[in-house]
Amino acid sequence: MERYMANTILLTHDHSSGLRGLTETEAAARLKAEGFNELPAAKSRNFLATMWEIAREPMILLLIGAGVIYLFLGELRDSLVLLISIFVVLGINLYQQRKTDHALEALRDLSSPRAMVVRDGQQKRIAGREVVRGDLVIVSEGDRVPADGVVLSAVNLSIDESMLTGESVPVRKVSSDHALGEIGRPGGDDLPFVFSGTMVVQGQGFAEIRATGAKTDLGKIGKVLWAVEPEATNLQAEVNRLAGILAALGLSVCVVIAVVYGLTRESWVNGFLAGITTAMSLLPEEFPVVLTVFLALGAWRISQRRVLTRRSSAIEALGSATVLCVDKTGTLTQNRMAVQKLFAMGYLLDVTAEMDTLPEEFHEVLECSILASKRNPVDPMEIAFQQFGSRYLSNTEHLHHDWALVHEYPLSKALLSMSRAWRPAQGWGYVIAAKGAPEAIVELCRLSSDESKEMISRASQMAAEGMRILGVAKSRWEQTELPEGQRELSFTFVGLVGLADPIRPEVPTAVEECYGAGIRVVMITGDYPGTAQNIAQQVGIHAPDRVLTGAELEPMNEMEMRERIRSINLFARMVPEQKLRLVNALKANGEVVAMTGDGVNDAPALKAAQIGIAMGERGTDVAREASDLVLLDDSFLSIVEAIRLGRRIFDNLRKAMSFVFAVHLPLAGLALIPILARWPLVLMPVHIVFLELIIDPACSIAFEAEPEEPGLMERPPRDAKELLLPRRHIILSSLQGASVMLVVIFVYAVALYRGESETNARTLTFATLVIGNLMLILTNRSSERTIATTLFAPNPALWWIVGGTIAVLGSAIYVPLLETLFRFERLHLLDIAVCVSGGIASLLWFEGLKLLKSKVTVP
């Protein structure tokens with residue numbers, strides 16, 4: 001009813017001024033010429049393009065080539081096995097890719113708020129995206145402003161512009177008394193401008209739209225963010241480079257093998273087949289696949305902690321983060337107001353969450369605060385009064401649900417206080433409650449000079465703790481008619497109320513964990529220094545006494561700023577451009593920066609940081625689009641969990657890549673040495689496919705599911721320039737692969753020397769190779785802990801792979817159909833013992849190295 005009455009009043013004002021808004025024809029023409037009132041949408045991914053990209057993978061092409069050759073040779077069964085495996089691989093990759101694409105597309109919420117406009121002299125509610133320049137828009141409590149405009153009429157209008165400015169306290173709006181040119185900047189009281197996306201928390205207003213879509217203040221910040229094309233990350237570049245080098249080497253070897261086989265054995269078709277087999281065994285196609293799978297599964301795993309990954313580069317960078325830049329409002333705090341202190345009758349009360357009851361001395365100041373507010377408020381401070389009163393006054397006589405609101409004295413420039421007059425359910429006269437700036441309430445109460453100084457001093461002390469202070473007063477009026485203004489009433493000073501945006505309860509623990517992990521926490525906020533210092537002390541940010549303001553930062557050159565920020569963790573009164581300068585300066589100092597934020601004002605810094613983290617619930621579309629990670633529950637603790645998972649993902653990715661590097665050496669040896677030694681070939685394409693069924697799941701699913709190493713969050717961040725596979729890891733992986741290769745070649749040579757048949761020797765060698773591969777998986781679970789230590793560490797995927805591999809190997813050896821397909825021969829118990837012993841023995845040296853290292857490092 002209140003909103004309907006207000007809209008009617010505003011429309012009457014419109015008629016009296018001769019303004020009837022745009023006509024429907026004019027609005028349609030402008031909508032066609034200037035476009036919808038929305039930001040650009042993200043591009044969708046084409047299905048056929050995804051299929052073609054997957055089909056061009058080298059391993060797919062090699063499988064197709066081998067299948068065609070087998071078909072040419074009349075080996076229909078072998079050909080069908082290889083070609084069917086192609087469709088299985090295509091299906092898995094396509095499902096994974098489409099699932100990732102859909103998750104990214106679902107991130108952007110393009111739903112547009114509704115807007116009340118005046119067209120052809122009539123009120124009309126339309127979709128916000130249909131608002132055009134020149135529309136006359138009515139805004140009321142709870143509405144989001146659909147576009148930028150100038151206020152033509154306002155009644156007690158206050159708007160929350162925190163998404164643009166970072167300040168949680170709403171700002172007052174006034175009507176424009178003359179024609180205005182360009183719209184000013186958001187922030188500050190008593191300005192006639194409204195901005196797209198901001199929230200009306202109190203009063204009503206009537207505005208003329210001046211800018212829509214990408215031309216709004218929100219759009220100007222956000223429009224450049226969609227133009228940035230994704231680039232290959234450092235990790236992707238390293239993996240692609242390493243894969244390229246090994247692929248070139250592998251292809252060269254396979255060409256040599258095909259030529260040598262054709263010349264020495266005079267069978268070019270079989271030589272070409274041997275070359276393809278060698279290529280399949282040597283090509284490191286797992287490298288890019290493993291990276292993709294790890295990042296996709298890592299993003300899924302992080303999403304289980306209520307963090308959505310928008311860009312895979314963030315997963316790489318999480319383990320390297322050295323500085324976490326946080327915005328105060330909505331990140332460290334809850335982006336709402338709550339009562340923190342009360343002053344009444346000479347007593348001061350600190351409000352705590354553990355407080356069960358409210359002392360009687362403070363009942364009246366809370367009662368009058370509620371009476372001076374609306375019954376169903378939108379203003380965050382009035383909401384705080386209602387919630388506080390419901391908790392502590394519910395069983396007292398100080399809540400008056402049966403009183404009738406008679407009159408309201410609105411806030412004005414001349415007097416920064418507002419009053420509401422109520423008629424009690426019983427009795428005669430009126431009760432008037434007032435709240436506002438302490439100076440205005442002191443003036444209304446006509447306190448003496450000494451009393452005024454005392455109250456203002458008390459208010460200043462409370463404000464120094466980072467709170468918003470309101471004075472509260474009451475009055476009675478016994479006459480029939482209420483006076484015209486507040487000053488004609490005789491008010492009694494009741495007390496002071498201190499409100500603040502409370503910190504999130506999980507933040508202090510999260511900040512402490514960050515310091516434990518070697519991550520420096522920095523607050524960058526648009527709020528006042530006192531408020532920032534108070535919040536910093538509460539959450540445990542180091543050196544809260546040292547703060548740098550935007551005004552102090554502005555005249556500094558880049559070198560001076562880079563030096564100053566090395567020891568300062570608090571930055572207050574910062575505008576978006578300065579936040580961006582700070583992030584860039586930290587990066588120039590060699591820091592890996594993670595930046596959190598929820599407002600449009602945070603978007604440039606979010607984009608510049610190596611890891612941009614946006615709030616999902618309270619965050620704006622522009623902030624989410626600029627970010628790499630989105631906290632779906634806005635929990636600061638989730639950031640620490642994401643960093644923990646980022647470190648774990650990189651550790652496990654390194655283990656997987658080490659395994660891939662090692663496992664290809666015995667494959668290469670079995671493909672190359674028999675040809676050079678003129679022995680029968682061991683490996684056929686079907687054997688490579690079987691081994692790929694071990695390698696791919698092992699290095700992607702099994703290693704990705706590996707639990708974190710002990711002390712993961714107690715070590716310093718990883719150097720961002722550190723390679724995924726440094727020289728030490730490459731040497732160790734090479735030695736692992738070489739040792740397995742030597743054992744497997746030895747088994748094959750001995751079997752042939754003893755006169756075993758070709759199929760029996762192949763079976764012995766292949767079984768030893770499979771056991772050796774399983775040993776490579778188990779030993780690479782940790783570079784420091786032995787297999788015996790990690791054997792019972794939880795990893796269900798690993799044991800499914802180990803059990804499944806042994807089961808399939810047994811089927812290939814003992815099931816007649818598969819035995820023929822694989823060209824195997826049944827093994828006896830002694831043969832199995834030889835295979836198992838050889839596979840285990842191949843890596844005993846590495847387990848001994850771990851034991852030796854552990855004894856050296858233990859004090």
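Length available on full extension from Ile673 to Met556: 0.36 nm per residue minus the Cα-Cα distance, which gives 35.4 nm. Report the paramagnetic label zone for Gln122: residues of the range 18-38 whose backbone N is under 16 Å from a point 7 Å from Cα along the Cα-to-Cβ axis. Within reach of a label on Gln122: 20-28. Using the Cα coordinates of the range 774-846, the gyration tensor eigenvalues translate into equivalent-ellipsoid semi-axes of 27, 16, 9 Å, sorted from longest to shortest. Using a 1.4 angstrom probe, figure out how much accessible area the range 624-768 has per residue, in square angstrom, rounded to the nearest whole. On a per-residue basis, 34 Å². For the residues Glu714, Glu130, a 1.4 Å probe over the protein chains yields an accessible-area ranking, largest first, of Glu714, Glu130. Distance between the modelled labels on Val406 and Trp799, one decimal in nanometres: 7.8 nm (7 Å Cα→Cβ projection). Applying 1/(1 + (r/R0)^6) with r as the Cβ-Cβ distance of Glu34 and Val174 and R0 = 25 angstrom yields a FRET efficiency of 0.35. Note on Ser153: accessible area is roughly 20 Å² with a 1.4 Å probe, heavy atoms of protein only. Compared with the direct C-alpha span, the chain from Met355 to Ser449 gains 30.3 nm at full extension, assuming 0.36 nm per residue.
Would you mind checking Lys215/Lys413; Lys374/Lys453; Lys173/Lys215; Lys328/Lys607 for any pair whose Cα atoms are more than 26 angstrom apart? Flagged as over cut-off: Lys215/Lys413; Lys374/Lys453. Quick one: accessible surface of Glu563, probe radius 1.4 Å, all protein chains present, in square angstrom to the nearest 10. Here the accessible area works out near 120 Å². Full extension of the chain between Asn395 and Gln479 yields a length gain of 27.1 nm, computed as 0.36 nm times the residue separation minus the alpha carbon distance.
Estimated at the nearest 10 Å², the accessible area of Glu316 is 20 Å² with a 1.4 Å probe. Taking other residues whose beta carbon is less than 12 angstrom from the beta carbon of Ala33, and scoring Lys, Arg as +1 and Asp, Glu as -1, yields +1.
Taking all protein chains together, Tyr515, Tyr753 sort by accessible area into Tyr753, Tyr515, largest first [probe 1.4 Å].
Atom-type composition of the exposed protein surface of the range 728-820 places 74 percent of the accessible area on carbon and sulfur (1.4 angstrom probe).
Using the Karplus relation 6.51 cos²θ - 1.76 cosθ + 1.60 with θ = phi - 60°, the per-residue 3J(HN,Hα) values for the range 308-322 come to 9, 8, 9, 9, 5, 4, 5, 5, 4, 7, 4, x, 9, 4, 10 Hz, with x marking Gly and Pro.
In this simple spin-label approximation, Ser457 and Asp719 carry label points 7 Å from Cα along the Cα→Cβ vector, and these lie 6.0 nm apart. Residue order by solvent-accessible surface for Arg133, Arg718, Arg823 is Arg133, Arg823, Arg718, largest first, with ligands and nucleic acids left out and a 1.4 Å probe. Take the range 517-610 with all the other protein chains still there, run a 1.4 Å probe, and you get 36 Å² of accessible area per residue.
The values are calculated or read from the model by the stated rules, or taken from the named source; none is laboratory data. Predicted model only: the values in this text are computed from it and were never measured. No Cβ is skipped: glycine too gets one built from the backbone with ideal geometry, and neighbour counts run over all protein chains shown. For accessibility, only protein heavy atoms count, side chains too; no ligands or nucleic acids. Shrake-Rupley method; radii C 1.70, N 1.55, O 1.52, S 1.80 Å.
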